[in-house]
Each structure stands twice: as structure tokens, then as C-alpha cells.
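The values are calculated or read from the model by the stated rules, or taken from the named source; none is laboratory data. Every value quoted in this text rests on a predicted model; they were computed, and no experiment measured them. Cβ coordinates were reconstructed from backbone atoms using ideal geometry, including for glycine residues, and neighbour counts include every protein chain displayed.
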Amino acid sequence: MSELIDIDAVRNGKLKKLAGAKLEDADLSGIDLSRAQLAGATLSGCDLSKANLNQTHLEGSNLVGANMVGSDMRASLWGANLMQCDLTGADLRGANLRGANLMGAKLTGASLTGAFLSGATLINTNLKNADLRGADLRGADLTDSNLRSSDLSGADLQGATLTEANLEEANLQESNLTGASLVRANLLCADLNGAITVGTNLTGACITGTVLDA
């Protein structure tokens, strides 16, 4: 359906009212779509690498399998479908990802400082070396996710599910893990100094070398 949209008009910034637009598999690499209206749009399979989507409205959009490597995604992505998308090195600082579906997505080295991810689905998501300082992950599902060497210091993980997640060498200093599930999680050499662990379920978790408050 992308043939119905004037891609050149999108590229030169003349067309930014694209709510509900069908742009699947389009080449939008390097494009400036900052502040564009793309709520409910279909962008599955799109190449959005190094694109500028700062303050863009992408609520409820379909971005399944999209390439957003190195993009500025400081956008409103509430309820968006980002399954299997590639956000390696993307800038998601302060992004609204509440209730978004990031199952199987790649967020290696992504910046998610202060991002809003409450209720988000992050099952089997690759967040290795990601920056999640101060992120809101309340009630998020991070089952089987890879958070190795990620920075979760000061993050709010109340009620989050981290069953079988890989948190090896992760920084969880001052994080809030109240009521979180870390069943069979790998916390090898992780730093939980100052973390709140009231009601945290660590059944079967690997805590070898883990730094915990006395």
C-alpha cells in the first residue's frame, strides 16, 4: 500500500500528516519525520535507520521487523507493535513505550534513559549494554531477555517479570525491584547495591558474585 503515499513528499518534509498511512517496506532511511503524525500507521519492514523521529506520534503504530538502527526514536510509541525490530544504538531517551510490544526486538547499546516502559512486553528482547537508567519498567515482562552489562541503576522495576533473564554484570544500583520476579534469572556479578528488594522472588536465581546490601 506504500505506493499510495508520495514518498518524495514524505522525504522532503512536505507530508507529515500520516496517521494511519500504509508505508510497509518503504525505504525511509535517514528521513526527518520529527513531530510527524504517524499514529496507527503501518511501517512494518521499513528501513528507518538513522531516521529522525524525535517527538513523532507513533501511538498504536505497526513497526514489526523495521530497521531503526541508530535512529532518534525519542517519540510517543504508546501501544506500538515493535516485534522483531532492530533498534541497535537507537536513542529512546524519555520515549513513551507504555504497553508497547518489543518481543524479540534488538536494543543492543540503545539509550533508554528515563524511558516509560510500564506494562511493555520485552520477552526475549536483546538489551545487552543498553542504558536504562531511571527507566519506568513497572509491570513490564522481560522474561528470557538479555540484559547483560546493561545499566538499570535507579530503574523502577516494581512488579516486573524477569524470569530467566540474563542480568550478568548488570548495574541495578538503587533500582526498585519490589515484588519483581527474578526466578531462575542470571545475576552473576550483578550490582544490586542499594536496590529495593522487598518481596522480590529470587527462587533459583544465580547470585554468584552478586553485590547485595548486607
- Task: Those residues that are under 18 Å from Thr108 (Cβ atoms) and assigned to a strand (DSSP E or B), I need them from the range 144-178; list them, please.
- Result: Asn146, Asp151, Asn166, Asn171
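Taking the range 11-37, which residues are hydrophobic (A, V, I, L, M, F, W, C) and in contact with a Ser or Thr (Cβ under 6 Å, 6 or more places away or on another chain)?
Our first condition is that a residue be hydrophobic (A, V, I, L, M, F, W, C); within the range 11-37, this holds for 15, 18-19, 21, 23, 26, 28, 31, 33, 36.
Leu23, Ala26, Leu33, Ala36 - these are the residues of the range 11-37 that are hydrophobic (A, V, I, L, M, F, W, C) and in contact with a Ser or Thr (Cβ under 6 Å, 6 or more places away or on another chain).
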- Message: Condition first: in contact with a strand residue (DSSP E or B) (Cβ under 6 Å, 6 or more places away or on another chain) and small (Gly, Ala, Ser). Can you find one or more residues in the range 54-68 that meet it?
- Response: no
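Which residues, counting only those in the range 190-214, are of a type outside the set (Ser, Thr, Tyr) and either under 20 Å from the mean Cα position of the chain (by Cα) or surrounded by fewer than 17 Cβ atoms within 10 Å (Cβ to Cβ) (or both)?
Scanning the range 190-214 gives Asn193, Gly194, Val198, Gly199, Gly204, Ile207, Gly209, Val211, Leu212, Asp213, Ala214.
Mind counting the residues in the range 10-30 that are under 8 Å from Leu43 (Cα atoms) and not charged (D, E, K, R)?
Residues of the range 10-30 under 8 Å from Leu43 (Cα atoms): 22-26.
Subsequent filtering for residues that are not charged (D, E, K, R) retains 23, 26.
Adding up the residues that qualify gives 2.
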- Counting only residues that are assigned to a loop (DSSP other than H, G, I, E, B) and in contact with a Cys (Cβ under 8 Å, 6 or more places away or on another chain), the range 83-135 contains a total of 2
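Return the residues of the range 172-189 that are among the small types (Gly, Ala, Ser) and within 21 Å of the chain's Cα centre (by Cα); say none if nothing qualifies.
Ser175, Ala180, Ser181, Ala185
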- Query: Pairs, please: C-beta under 7 Å, at least 6 apart or cross-chain, first residue exposed (fewer than 14 other Cβ atoms within 10 Å of the Cβ) and in the range 13-26, second part of a loop (DSSP other than H, G, I, E, B) and modelled with pLDDT of 90 or more?
  - Reply: Gly20/Gly40; Gly20/Ala41
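Report whether or not Ser34 is part of a loop (DSSP other than H, G, I, E, B) and within 17 Å of Arg93 (Cα to Cα). Reasoning before the result, please.
Numbers: part of a loop (DSSP other than H, G, I, E, B): yes; within 17 Å of Arg93 (Cα to Cα): yes.
Against the criterion (part of a loop (DSSP other than H, G, I, E, B) and within 17 Å of Arg93 (Cα to Cα)), Ser34 qualifies.
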